[in-house]
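Working notes, beginning with the structure itself.
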Amino acid sequence: MEFRCLAVNGPVKEVWTGDTLVVGLFAPAGGSGRHLAEELVGDGLEGVLHRRRFEAKPGQSITLERPGDAPASLILVGLGDPGEFGLDALRQASAAAARTAAAAGAEELALWLPVEGLEPAAAAAAMAEAVRLGLYADQRFKSEAEPQSLPSRVTLLGLGPEGEAGLAHVAATCSGVELARRLVAAPPNKATPQSLAEEAAAIADAFGLELKVLERDDCEALGMGAYLGVAQGSDLPPKFIHLTYRPAGAATRRVVLVGKGLTFDSGGYNLKTAGSQIEMMKYDMGGSAAVLGAARAIAEIRPAGLEVHVIVASCENMISGGAIHPGDVLTASNGKTIEINNTDAEGRLTLADALVYACGLEPDAIVDLATLTGACVIALGEEIAGLWSPSDGLAEALLAAGKAGGEDLWRMPLRGSYKTGLKSHIADLKNTGPRPGGSITAALFLQDFVSKGLPWAHLDIAGTVWSDKARGLDPAGATGFGVRTLVAWLVAGAAA
Ligand code: BES
Ligand code: MN
Ligand code: ZN
């Protein structure tokens, strides 16, 4: 799928020919799209809209087939109230329009949506990403694929060279999101620590990145008792993945992305029970999928001056005679001892050693992404990820990147007084606090493994990695959440 921008000064038909045209209409009067629709349909438009009960509500669309005419399909999409229209509504409308157009068999597609008042580069990127990601379908695990036709070219009308510049990172970013979606959707008998390491190797090979995979022995030598404790109940060997992007010239900024990579979380001896979504716990590697997706995107974009390290302490949380017991005490690689009062709070144990390792790289910032707590899902639902950071600057930069990428984040408090919930009588701390504020104590636990003063942020993406139904740009299933935020943040940081 190829994207381009095309400025329009005069009748659209004079600059663009294709089979399918999408025109956005505001409620109730229509705006500029109304004139274009009238130009193509003529005086009968009002009657058609009335008969088809088209009120231009957001998400509403009708297709007018015009055999023998050009364009042969005209798709009208509702944009709702013009006062509420912005980058997000533009994304939603573009994704919905793309799905309708693809279903109508569009080959050469154009979108006419109102972009006045929006920054052209941002508008073009938002539209193109929405079209591509909205049309993503994953049929790897079907014995027979359903036929799917995608438009070969998509023209964004009403956007000139400034818009075109906004398309520069679209393909790389979307490839990163798609990789993350594929990894998250893959079942736990396919996506294993080994297969994540192979994905990292494939990225390294394709784009010339450095890859180090630490085996169990290597991790033991580094004293990673917290991570290895989680891994010890599984028959699959743990893989500690360290992928590095280095810019062509000197790097002025070094960042580390850490992703939780539990390819399956049974809960361990604190076994997940019915209703706890145990059958969905393949997506417990959503953080690792996001950071690997971001690595793939950055490797293709190749920003100057920026060095990016991606760390995944990957393993499974399983039950066996060798698994950790509730009550065990583990020692992490910074020497801290942890009483395991709940084996299902395993993500933070793997992240503890990953964060200590990340700090050893002496970066300017660390961001971790993790499907860490059910409590975060209760707090923020499935559309918003939680953000914790002691650094206001880093938190604000990530919030801005989330906005630019079209992913919602909400800053949550790192309330120091709640750390008493993690006090242990026999070790330095327990891995689990009380149920109230469970996503906050989880973040506070992680903070214990980050060097003081080093800018660090934690994103809890437990609610946002997966969506049971299609929503906006996301198909039903894996969303690839986090990639767009990370890419926007990294690219902005490289430019700054
Ligand atoms: N992977 C889960 C968190 C999770 C739960 C993600 C539901 C997505 C949906 C994590 O390892 C976990 O089990 N957390 C426990 C922590 C508790 C034992 C303190 C939880 O949230 O229940
Ligand atoms: Mn768990
Ligand atoms: Zn987990």
Item to complete: Enumerate lysine pairs in the range 165-309 that are 8 or more residues apart or on different chains, then count those whose Cα atoms are under 14 Å apart.
Response: 5
Worksheet, complete the sentence: For the chain, the percent of accessible surface on carbon and sulfur atoms (probe 1.4 angstrom, ligands and nucleic acids excluded) is 52
Worksheet, complete the sentence: Taking Cα pairs closer than 8 Å and at least 6 residues apart, the relative contact order of the range 2-167 in percent is 33
Response to the item:
Output for the range 137-242: GluC sites (Glu not before Pro) sitting in coil per DSSP, at most 16 other Cβ within 10 Å, listed by number, reads GLU144, GLU215
Item to complete: Determine the sum of side-chain charges near GLY386: Lys and Arg each +1, Asp and Glu each -1, restricted to other residues whose C-beta is under 11 angstrom from that of GLY386.
Response: -1
Item to complete: Calculate one ³J(HN,Hα) per residue across the range 382-389 by plugging θ = phi - 60° into the Karplus curve 6.51 cos²θ - 1.76 cosθ + 1.60, and present them in order as whole Hz with x for glycine and proline.
Response: 9, 10, 10, 8, x, 10, 10, 6
Practice prompt. Would you pull out the residues with amide H under 5 Å of LEU306's amide H, same chain only if 5 or more places away, H placed 1.01 Å from N?
Written response: THR252
Worksheet item: Taking 0.36 nm per intervening residue step and subtracting the Cα-Cα distance, what contour gain separates ALA274 from SER417 on full extension?
Response: 48.1 nm
Discussion item. With a 1.4 Å probe and all protein chains kept in place, how much accessible area does SER32 have, in Å² rounded to the nearest 10?
Written reply: 50
Item to complete: Per residue of the range 422-433, in order, report the coupling 6.51 cos²θ - 1.76 cosθ + 1.60 (Karplus, θ = phi - 60°) as ³J(HN,Hα) in whole Hz, putting x for Gly and Pro.
Response: 9, 5, 10, 7, 10, 10, 5, 7, 9, 8, 9, x
Practice prompt. Note down the nm distance, to one decimal, between modelled labels 7 Å out along Cα→Cβ at ALA7 and at ARG153.
Written response: 2.0
Item to complete: Enumerate the helices in the chain for which the Kyte-Doolittle hydropathy averages -0.5 or more and the C-alpha atoms extend at least 15 Å along the helix's axis, using complete DSSP H runs.
Response: 87-103, 120-134, 170-185, 193-207, 286-301, 347-360, 392-405, 483-495
Worksheet entry | Backbone N under 16 Å from the SER391 label point (7 Å along Cα→Cβ), restricted to the range 420-450 | 447-450
Worksheet item: Taking the range 105-202, which chymotrypsin sites (Phe, Trp or Tyr not before Pro) meet the DSSP loop condition and have no more than 10 other C-beta atoms within 10 Å?
Response: PHE141
Item to complete: Please sort by residue number the GluC sites (Glu not before Pro) in the range 17-102 whose DSSP state is loop and whose Cβ has at most 14 other Cβ atoms within 10 Å.
Response: GLU55
Fill in: Amide proton proximity set for GLY477, modelled H, under 5 Å, gap of 5+
SER467, ASP468, LYS469
Item to complete: Provide the descending list of Cα extents for the range 399-474 along its principal axes, expressed in whole angstroms.
Response: 48, 30, 17
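If you put +1 on each Lys and Arg Cβ and -1 on each Asp and Glu Cβ, how big is the dipole of the chain around its Cα centre, in Debye rounded to 20? Mind dumping the intermediate values first?
Details: 41 positive and 58 negative charges, 133 e Å.
For the chain, the charge dipole is close to 640 debye.
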Worksheet item: Taking the simple approach of a point 7 Å from Cα along Cα-to-Cβ for both LYS57 and GLU198, what is their distance in nm?
Response: 4.8
Worksheet, complete the sentence: Distance in Å, no decimals, from the C-alpha centre of the range 453-470 to the one of the range 177-227 is 19
Practice prompt. Name the longest site-free stretch of the chain, where the excluded sites are trypsin sites (Lys or Arg not before Pro) in a DSSP loop with no more than 16 other beta-carbon atoms within 10 Å.
Written response: 191-414
Practice prompt. Apply 1/(1 + (r/R0)^6) to the Cβ-Cβ distance of ALA29 and ARG302, taking R0 = 41 Å, and write down the FRET efficiency to the nearest 0.05.
Written response: 0.35
Worksheet item: Put THR192, THR252, THR331, THR343 in order of accessible area, largest first, 1.4 Å probe: what do you get?
Response: THR252, THR331, THR192, THR343
Worksheet item: What residues qualify as long-range amide H neighbours of VAL258, i.e. H under 5 Å apart, gap of 5 or more or another chain, H built at 1.01 Å from N?
Response: ILE311, VAL367, ASP368, LEU369
Worksheet item: How high is the relative contact order of the chain, in percent, with contacts defined as C-alpha pairs under 8 Å that are six or more residues apart?
Response: 15
Worksheet entry | Per residue value of the accessible surface for the range 347-420 (all protein chains in place, 1.4 Å probe), Å² | 40
Worksheet item: Based on Cα positions only, what radius of gyration and what Dmax would you give for the chain, in angstroms?
Response: 24.2, 81
Fill in: Cα extents of the range 1-145 along the three principal axes, largest first (Å)
49, 37, 30
Fill in: Net lengthening on full extension, ALA470/ASP428 (0.36 nm per residue, minus Cα-Cα)
10.7 nm
Fill in: Virtual spin-label span in nm between GLU46 and PHE207, 7 Å along Cα→Cβ
5.4
Worksheet item: Do you know the relative contact order of the range 294-341, to the nearest whole percent, from alpha carbon pairs under 8 angstrom that are 6+ apart?
Response: 23
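Please list PHE207, PHE54 from largest to smallest accessible area, probe radius 1.4 Å, with all protein chains kept in place.
On the way: PHE207 50, PHE54 20 Å².
Largest to smallest exposure gives the sequence PHE207, PHE54.
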Practice prompt. Please list MET1, MET224 in order of solvent-accessible area, largest first, computed with a 1.4 Å probe with all protein chains present.
Written response: MET1, MET224
Worksheet item: In sequence order, what are the phi-derived ³J(HN,Hα) couplings for the range 470-480 according to the Karplus relation 6.51 cos²θ - 1.76 cosθ + 1.60 with θ = phi - 60°, rounded to whole Hz, with x for glycine and proline?
Response: 5, 8, x, 7, 8, x, 5, x, 5, 9, x
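The values are calculated or read from the model by the stated rules, or taken from the named source; none is laboratory data. From a predicted model like this one, the values you see are computed outputs, not experimental measurements. With ideal geometry, Cβ positions are generated from the backbone for all residues, glycine too; neighbour counts draw on all protein chains shown. Heads up: the accessible areas ignore ligands, DNA and RNA and are worked out on the full protein's heavy atoms, side chains in. Shrake-Rupley method; radii C 1.70, N 1.55, O 1.52, S 1.80 Å.
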